[in-house]
Amino acid sequence: MQSSVESAGVEPMSDGHACAHDRSEGGCAACKVRLVSVCAALTREELADLEALSQPVHLDPRRALFQQDDRAGAVYNVTEGALRLSRLLPDGRRQVMGFALVGDFLGLALPERFTVTAEALVPTALCRFERRGFAALVARTPHLLQRLYERAGHELTLAQDHMMLLGRRTAEEKVASFLLGLRARYGRIGHESVTVELPMGRQDIADHLGLTIETVSRMLTRLDREKAILIVPGGVRLLDIPRLEQLAAN
């Protein structure tokens, strides 16, 4: 089965230069997200090898990069935008497993088929690397392998945090933890701000936290009324971080 991008007729874009980022003469070496991704481990010569494998992909909002059970023939690095990672359960319900942000790699440790569906939440750009070629580059670049181990450890921590989030916490504690976790992730890629962008909708947040959309809306409104946050277009402003941290620590 082809990936949804390919089967839908959305071809990787190319203008004679493999790198997707600003189309600069410096290629991958000049990529503005390189330092927050695993690519930071590579020398300029190794970056040239990586760039030779790279195919830029651009997605409109709600376009799927790949579907659950598609053949996993490539890995992807998010360079702009955000994606929702969801899984369809046997009973037909949807579980949002997480959200991929700038600098995240998708498909690094997957079996032969993708276990989630990845859909763009906003206009999104990625670098696509054919899986075998990428694996060959990793095999001859030990320091890249080390960065991938570190990335895998970070993703494992996110998964463990999410399991705890779905445990014995109140709805308000879940929403506070989600907002602080998202702020921390933005901070890792250099977006330090008290305003947290929310490219995902409230239904996405609800499906991620195991809540209803009504409960998520009610908790955000309560936190806004308590002046812990301020709801703004496209996100929320964190006004009382100690209060949110207290809720998240429960």
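Below are the figures for this structure:
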{"read-out": "Count of residues meeting criterion [modelled with pLDDT of 80 or more and surrounded by fewer than 18 Cβ atoms within 10 Å (Cβ to Cβ)] in region 148-179", "value": "2"}
{"read-out": "Given (1) within 28 Å of V116 (Cα to Cα); (2) modelled with pLDDT under 90, index of the condition N250 fails", "value": "(1)"}
{"read-out": "Every pair of residues 6+ apart whose Cβ atoms lie under 7 Å, when the first sits in region 208-231 and is acidic (D, E) while the second is open to solvent by 30 Å² or more (accessible area, probe 1.4 Å) and modelled with pLDDT of 95 or more", "value": "D224/L230; D224/I231"}
{"read-out": "Criterion violated by R243 - all others in (1) under 21 Å from the mean Cα position of the chain (by Cα); (2) closer than 13 Å to E173 by Cα; (3) open to solvent by 30 Å² or more (accessible area, probe 1.4 Å) satisfied", "value": "(1)"}
{"read-out": "Boolean, D22 is of a type in the set (D, E) and either in contact with a strand residue (DSSP E or B) (Cβ under 7 Å, 6 or more places away or on another chain) or modelled with pLDDT of 65 or more (or both)", "value": "no"}
{"read-out": "Within region 115-144, tally of residues that are within 19 Å of the chain's Cα centre (by Cα) and open to solvent by 70 Å² or more (accessible area, probe 1.4 Å)", "value": "1"}
{"read-out": "From L47, L53, residue being open to solvent by 10 Å² or more (accessible area, probe 1.4 Å), modelled with pLDDT under 90, under 18 Å from L126 (Cα atoms) and over 15 Å from the mean Cα position of the chain (by Cα)", "value": "L53"}
{"read-out": "Test result for L89, open to solvent by 40 Å² or more (accessible area, probe 1.4 Å), touching a helix residue (DSSP H, G or I) at 6+ places or on another chain (Cβ under 8 Å) and more than 22 Å from L182 (Cβ to Cβ)", "value": "no"}
{"read-out": "Considering residues of region 184-213 that are farther than 23 Å from E119 by Cβ and assigned to a helix (DSSP H, G or I) only, the residue least open to solvent (accessible area, probe 1.4 Å)", "value": "G187"}
{"read-out": "In region 92-114, the residues that are in a loop (DSSP other than H, G, I, E, B), open to solvent by 50 Å² or more (accessible area, probe 1.4 Å) and within 22 Å of G181 (Cβ to Cβ)", "value": "L108, A109"}
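The values are calculated or read from the model by the stated rules, or taken from the named source; none is laboratory data. Not measured: the values here are computed from a predicted model. Counting neighbours? That spans all protein chains shown, and the Cβs are built from the backbone with ideal geometry, glycine included. Ligands, DNA and RNA are excluded from the accessible area calculation, which covers all protein heavy atoms including side chains. Shrake-Rupley method; radii C 1.70, N 1.55, O 1.52, S 1.80 Å.
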